[in-house]
Structures are given as structure tokens and as C-alpha cells.
Amino acid sequence: MALRYSDVDFGGPAKDGWEIPWPIRYKDIAPYYDKVEQEIGVCGGDDDQDSLPGSKYHLPPAALRCGEKFLQAAARRQGISVVNQRRAVVTKPHNGHNPCHYCGACGRGCDVSAFFNSTDYLLDPAEKTGKLKIIDNAVVARILLGDNGLATGVQYFDRYTKQERVIRGKRIILGASCVDSTRILLNSKSAKYPTGIGNSSGVIGSYLCEQVRFHMYGFVPDLMGTKALNDDGIGGEHIYMPRFNHRDGKKRDYLRGYGSQFWGIGAQPGAAYAKQLDGFGLEFKKAVKRRYPALVAMHPYGETLPRKENRITVEGTPLDRYGVPTLRIEYNIGDNEKKMIAEMYDMAEGVMRAAKAEILPFERGWLDNFGSAIHEHGTCRMGEDPRRSALNGFNQMHDVKNLFVVDGSAFTTASEKNPTLTILALAWRSTDYLAEEMRKGNI
Amino acid sequence: MIQAQGHAEHGLTQIEKAAPKVARFFNKQEMALLAQLVEQIIPRSDTPGAADANVHYFVDFQAHTNPKLGAQLKKDLAWVRKQGFAKADAAGQVALLTGWSQAKGTAPYRVFKQIKDLTIDGYYGSKEGLTQELGWNANTFLREFKGCTHPEHGA
């Protein structure tokens with residue numbers, strides 16, 4: 001999923017005062033969303049929202065499946081916009097990448113690279129410049145600090161020989177994904193930074209924020225008993241519900257918001273829902289088949305507030321096979337999320353009922369495992385104030401000027417959206433800034 | 001709750017896990033009983049039933065790869081046998097299953113539900129269940145994805 005953040009996201013903390021504000025706004029990143037979308041290819045509609053900015057570079061959106069049409073119409077009747085999905089799948093030839101052939105096996109790696117992945121889309125072209133050297137099976141343990149207060153290199157271990165090696169560099173860019181980047185930073189201890197490189201603020205490791213989510217399934221009566229279609233499409237859902245709770249002027253007793261994803265609508269390679277239908281025998285078999293083409297699903301995602309006590313630490317943890325401390329995660333949600341979740345359940349049930357769907361039994365308030373969205377953020381956050389953030393708005397460390405952190409850990413807040421497109425755009429912006437700083441001789 | 005499908009994962013996981021037609025965990029007697037059970041849960045109609053689709057071998061493979069599940073199922077099958085299931089006629093088997101399936105919250109229901117859930121995984125993940133019974137015809141190559149072509153849908 002390739003969703004642009006909006007000023008509803010970037011401006012959220014400045015507006016409600018929870019934790020530090022983002023150091024950037026939409027206008028700062030918009031040109032980089034453009035660049036990323038042109039590079040990787042993102043399909044989507046022109047049905048933009050204030051919470052989901054559009055793009056003139058979208059490739060054609062994927063046609064909606066039957067069940068998606070019903071949910072979109074049902075949401076509309078509830079006053080909620082459900083738009084075309086924006087997804088990094090090329091729906092027509094783009095930058096030398098073949099278009100999607102709708103086989104539905106995206107999750108296993110696309111044979112023709114019609115689905116964005118860093119190997120085909122980023123590393124390949126980078127290697128062609130002749131300026132990239134990839135050292136694989138190198139497990140980075142620490143970033144080394146020089147006497148001049150700058151990062152001087154990286155200590156890593158060969159995955160197979162377990163041999164320790166060091167590679168030197170004048171500028172170091174860390175992008176090991178939120179959790180592992182944080183571990184590397186915290187393990188990079190020195191006399192100057194006893195709690196990890198660049199951590200004079202003490203914020204690195206804290207403010208881990210993911211997202212809360214659950215799943216609701218139902219069956220649309222109009223589709224029951226119809227012939228199953230090939231519903232593979234571009235793999236995931238072809239619709240998305242952008243955040244809307246900021247619009248109706250209603251005063252809410254929680255901060256931030258939620259949206260919804262819709263994967264798993266229509267004919268799936270299995271029928272797990274059958275476990276929630278009673279009975280057995282021929283009647284049961286008929287009941288399962290009747291519902292098969294009619295399956296609809298909602299997966300609301302809500303923002304989790306950054307909190308100091310939600311954190312990653314490496315103190316007193318077991319060592320890994322290279323002798324480097326592993327990490328520990330402490331994480332929980334609070335009242336804010338619980339209140340939002342109650343509204344998310346009402347919303348999802350409302351949309352399902354508006355679609356006249358037979359809803360599969362659910363337990364109100366049930367949440368999928370923390371971390372299951374795999375959208376970790378916040379543990380090396382960017383901000384204006386070096387006492388409360390680790391990075392500036394260009395992903396550059398306040399403390400260590402030649403060290404950049406370019407993954408989800410740099411995010412000030414989580415939002416309810418999938419972060420990859422924003423990670424890419426921020427990384428590109430950060431790299432432009434670095435190039436400019438190098439030209440000026442600053443780094 | 002339906003098992004959360006991860007990040008829009010999509011694929012033929014259950015088919016891939018389809019068991020070889022050699023019992024690895026249960027003995028002959030247990031396999032015969034299991035075949036009767038899965039066939040009563042999803043019987044043959046104008047499409048194959050669970051035993052036709054070798055779902056009992058699928059269950060055997062699950063037991064083989066998960067010792068805790070295997071030990072539990074061994075006990076459960078012994079209990080099912082004690083109820084006279086193997087020797088009962090079709091009507092008798094249905095009567096027994098009906099009783100267990102309606103006794104929610106009891107031990108017999110747990111036995112029934114576990115075998116039923118495994119039958120569902122195995123059958124609707126098998127070629128017979130997925131393509132012949134449900135009519136799934138995806139995971140193929142298309143020039144164009146037309147999506148819903150019914151103007152009345154979602155109107």
C-alpha cells in the first residue's frame with residue numbers, strides 16, 4: 001500500500017499537543033512523493049481526500065471486485081468515503097517493469113517485478129551506477145564513533161563465519177527498519193554516548209508506536225450462491241477507507257484517527273470462515289459454498305500515540321550468536337486507543353450492516369496482536385528540539401551530523417497508514433539534503 | 001476469530017501442505033476412524049467429500065508435524081471410538097456428531113470442533129474442495145482484470 005500522509009497526519013501533534021510536533025509538513029515532502037511514485041509506479045485513483053492527498057503520477061487503478069463495490073456503496077450511505085486503493089503495483093508498463101498479470105501471488109515475490117520491492121526497484125538501478133558495493137550477509141552490530149564526534153564506520157559480523165569486521169565511511173545512513181536500527185543505535189555505546197550513539201536526548205528506543213487493528217468478516221446477501229469469480233486482482237484490496245473522523249465536527253474523547261483496509265474480499269484460496277459456521281454434513285457444506293463468493297472483510301487500523309514507556313531497550317538482554325545484546329520490547333496501549341477502538345468497531349459494524357451483510361461473530365474490543373501490522377515507528381524520532389528528538393527534519397542526527405536514520409524509527413507519529421511510501425519519500429529528501437550539505441562541504 | 005491473514009498474503013498455503021498419501025502419525029485403525037469422521041463432517045455430494053479429498057491424511061500430517069496436537073488427537077480418537085462411532089451406521093454417526101456439535105462448552109464439543117476445523121482447513125485447501133466444490137479458478141495469468149462487471153452491484 002502506497003498512501004501519502006497529509007497535514008492531518010503531519011499536523012496532528014502540533015494541533016492536539018500530544019508529544020512533539022513533526023518538523024515537516026506536507027509541502028516539504030510532496031515533491032518527494034512525486035519522485036518516488038514516478039520511480040516505483042503506484043496505481044491509484046484521483047479520488048483524493050484531505051487525509052489522503054492524490055498524485056498526478058498514479059497509474060490506472062485496479063477495477064473493484066463485487067464485494068468491494070458493495071462495501072464502498074455501504075460506506076457512502078454511512079457518509080464515509082472509500083476510495084480506490086493506492087498500491088505500488090504497476091498496472092501498465094512502467095520504467096522497464098512489466099505490468100501486473102493478476103496472478104494474486106504478490107506476497108511470495110513477483111516473478112516479473114510488477115510489485116515494488118527494494119531489490120528490483122532500488123538496488124538494481126543503484127548498482128548500475130557503478131557506485132554501489134553490496135556486502136551481503138553482513139550483520140551490523142554497532143556504529144563507531146570517532147574522537148571528533150562523528151561516526152567513522154560500522155562494525156559487523158559475517159553471518160556464516162561470525163568473523164568481526166569493520167568498514168569505514170565518511171557518512172553513514174542507517175535503514176535497518178525501525179526495531180533493528182534502534183537496537184544498533186542503542187548498542188553503539190561510547191564514553192560520549194553511554195546510552196547509544198546520538199542519544200543525548202535519551203529518546204532513542206522510547207516512543208515506539210505501532211497501530212491497533214482488528215478484522216471483521218461478513219457475507220453480502222446479493223452475492224450468496226453466485227458463481228465464484230477470479231478475484232485475485234493486484235493481490236491486496238482495491239479500495240481504501242481514508243481517515244474521516246476529523247471532518248464531522250463532532251467532539252471526540254480521544255486523539256488522532258483511523259482508516260480501514262479491506263483485504264480478503266471475494267473468492268479466496270481457502271474458507272477459514274467455515275469454522276465459524278455451526279453444524280456439519282451436507283447442509284453445512286452447502287452453507288459454506290453459498291457464502292464463498294459473498295465474503296467481505298474490513299480491517300480497521302488506528303493510530304497509537306507515542307508514549308515514553310513503550311520502548312525498546314538492550315540493557316540486561318541475552319546476547320545473540322555474535323555476542324551482541326538482543327533487544328527487549330515493552331509495549332501497551334492506553335485509554336486513547338481503547339476509546340478509538342470502540343468507535344472503530346461501531347464504524348465497521350455500521351458499514352457491514354449498511355451492506356446488509358451477515359456478520360461473522362466477533363468479540364467487540366478484540367485486537368490483533370501488538371506488532372502485527374508490522375508498522376513500527378518513533379524510536380529515533382525527528383523533531384525541531386534536540387532535547388526531545390534524535391533527528392532533524394532531514395533524518396540527520398542532531399548529535400552526530402554525518403549519521404542519518406531513514407526508516408520508520410524516524411517518524412514522529414505513527415498515523416493509521418502504511419508507512420513505506422513516506423519512508424521512501426523522506427529517505428529521498430534526506431539524500432538530497434545530504435548531497436547539498438556535501439557540496440557545501442558541511443558534511 | 002478467523003485467523004488474521006497477514007499483510008494481504010495470498011497463496012495456496014493449504015494445498016502446498018497437502019499430505020502425502022502415507023500415514024505418518026496415526027495407525028491404520030485411527031486412520032479409518034478419522035476418514036469416517038471427516039467424511040461425515042463434509043460428505044460427498046455432487047462434488048467429492050473430505051475422505052475423497054484425503055483430508056484424513058492432511059490431519060495425519062498436521063499431527064505428525066505438531067506433537068502436542070498429535071497426542072491430543074490420539075486421545076480424542078480413542079474417546080470417539082469408545083462412544084461406538086466406528087461401529088455405528090450412518091444415522092448413528094450423525095446422531096453422535098449432532099449431540100457433540102450442539103453441546104457447546106463441553107469436552108465432546110471440543111473434540112468435534114477440533115476435528116471439524118482441521119477438516120475445513122484440509123478440505124477447502126484441497127484441489128477437490130477448493131476448485132471442484134467452491135469453484136475457485138484464480139492464480140492464473142490475465143491480460144486484464146475486469147473486476148465486477150455487474151452494474152447493479154453496489155448501486
| said: One residue is enough: does the range A:403-411 have a residue meeting the conditions acidic (Asp, Glu) and within 13 Å of the chain's Cα centre (by Cα)? | reply: yes
| List the pairs whose first member sits in the range B:131-155 and is more than 7 Å from chain A (Cβ to nearest Cβ) and touching a residue at least 12 places away in the same chain (Cβ under 8 Å), whose second member is buried (at least 16 other Cβ atoms within 10 Å of the Cβ) and not small (Gly, Ala, Ser), and whose Cβ atoms are under 9 Å apart, counting only residues at least 6 apart or on separate chains? | B:GLN132/B:THR47; B:GLN132/B:PRO48
| note | Residue set A:GLY198, A:GLY205, A:GLY218, A:GLY169; condition within 14 Å of chain B (Cβ to nearest Cβ), over 17 Å from the mean Cα position of the chain (by Cα) and touching a residue at least 12 places away in the same chain (Cβ under 8 Å); output residue A:GLY218
| query | Taking strands (runs of 3 or more DSSP E) that fall entirely within the range A:94-169, which contain at least 2 residues that are closer than 27 Å to A:THR420 by Cβ? | reply | A:138-145, A:151-158
| Can you find even one residue in the range B:98-119 that is within 7 Å of chain A (Cβ to nearest Cβ), among the polar types (S, T, N, Q) and free of Cβ contacts under 8 Å to residues at least 24 places away in the same chain? | yes
| said: Checking A:ILE312 against (1) assigned to a strand (DSSP E or B); (2) surrounded by fewer than 23 Cβ atoms within 10 Å (Cβ to Cβ), only one condition comes out false. Which one? | reply: (2)
| Does the range A:345-376 hold any residues that are under 19 Å from the mean Cα position of the chain (by Cα) and among the hydrophobic types (A, V, I, L, M, F, W, C), and which are they? | A:LEU367, A:PHE370, A:ALA373, A:ILE374
| said: Only one of B:ILE15, B:ILE41 is modelled with pLDDT under 95, under 18 Å from B:ASP117 (Cα atoms), within 13 Å of chain A (Cβ to nearest Cβ) and within 16 Å of the chain's Cα centre (by Cα). Can you tell me which? | reply: B:ILE15
| field | Filtered residues of the range A:392-429 (kept if hydroxyl-bearing (Ser, Thr, Tyr), more than 11 Å from A:LEU174 (Cα to Cα) and buried (at least 24 other Cβ atoms within 10 Å of the Cβ)) | value | A:THR412, A:THR413, A:SER415, A:THR422
| query | If you check A:GLY109, A:GLY149, which single one turns out to be at positive phi and at pLDDT below 95? | reply | A:GLY109
| message | For the structure I just gave you, tell me whether A:SER389 is surrounded by 14 or more Cβ atoms within 10 Å (Cβ to Cβ), within 14 Å of another protein chain (Cβ to nearest Cβ), modelled with pLDDT of 95 or more and in a loop (DSSP other than H, G, I, E, B). | response | no
| Got a sec? Which of A:THR317, A:THR326, A:THR379 is free of Cβ contacts under 8 Å to residues at least 40 places away in the same chain and β-branched (Val, Ile, Thr)? | A:THR317
| field | Residue check for A:GLN38: touching a Phe, Trp or Tyr at 6+ places or on another chain (Cβ under 6 Å) and either away from every other protein chain (no Cβ under 14 Å) or in a helix (DSSP H, G or I) (or both) | value | yes
| said: Residue under question is A:ASP253, and the condition is that it be away from every other protein chain (no Cβ under 13 Å) and of a type in the set (D, E, K, R); does it hold? | reply: yes
| message | The conditions are (1) within 9 Å of chain B (Cβ to nearest Cβ); (2) surrounded by 20 or more Cβ atoms within 10 Å (Cβ to Cβ); (3) more than 27 Å from A:ALA425 (Cα to Cα); (4) touching a residue at least 40 places away in the same chain (Cβ under 8 Å), and A:ALA75 fails exactly one of them. Which is it? | response | (1)
| Can you name every residue in the range A:281-298 that is surrounded by 23 or more Cβ atoms within 10 Å (Cβ to Cβ), of a type in the set (A, V, I, L, M, F, W, C) and either assigned to a helix (DSSP H, G or I) or facing chain B (nearest Cβ under 7 Å) (or both)? | A:ALA294
| said: Take the conditions away from chain B (no Cβ under 14 Å), in contact with a strand residue (DSSP E or B) (Cβ under 9 Å, 6 or more places away or on another chain) and not in a strand (DSSP E or B) and apply them to A:ILE234. Does it pass? | reply: no
| For residues in the range A:344-373 being within 14 Å of chain B (Cβ to nearest Cβ) and free of Cβ contacts under 8 Å to residues at least 24 places away in the same chain, which is nearest to A:SER181 (Cα to Cα)? | A:ASN369
| task | Select, from A:LYS356, A:LYS338, the only residue that is under 30 Å from A:TYR292 (Cβ atoms), surrounded by fewer than 14 Cβ atoms within 10 Å (Cβ to Cβ) and at pLDDT 95 or above. | result | A:LYS356
| request: Look at A:GLU330 and say whether it is surrounded by 16 or more Cβ atoms within 10 Å (Cβ to Cβ) and either modelled with pLDDT under 95 or more than 14 Å from chain B (Cβ to nearest Cβ) (or both). | output: no
| Every pair of residues 6+ apart whose Cβ atoms lie under 6 Å, when the first sits in the range A:129-142 and is charged (D, E, K, R) while the second is surrounded by 11 or more Cβ atoms within 10 Å (Cβ to Cβ) and modelled with pLDDT of 95 or more | A:ARG142/A:GLN155; A:ARG142/A:ASN187; A:ARG142/A:SER188
| said: Against the conditions (1) at pLDDT 95 or above; (2) within 14 Å of chain B (Cβ to nearest Cβ); (3) surrounded by 16 or more Cβ atoms within 10 Å (Cβ to Cβ), where does A:ILE143 fall short? Just the number, please. | reply: (2)
| task | Could you tell me whether any residue of the range A:259-275 is of a type in the set (Phe, Trp, Tyr), buried (at least 21 other Cβ atoms within 10 Å of the Cβ), within 30 Å of A:TYR5 (Cα to Cα) and within 7 Å of another protein chain (Cβ to nearest Cβ)? | result | yes
| Unique residue being touching a Gly at 6+ places or on another chain (Cβ under 9 Å), closer than 30 Å to A:THR226 by Cβ and of a type in the set (D, E, K, R) when the list is A:LYS338, A:LYS275, A:LYS289 | A:LYS289
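The values are calculated or read from the model by the stated rules, or taken from the named source; none is laboratory data. Everything numeric here is computed off the predicted structure, so don't read it as measured data. Glycine also receives a Cβ, built like all others from the backbone with ideal geometry; neighbour counts cover every protein chain displayed.
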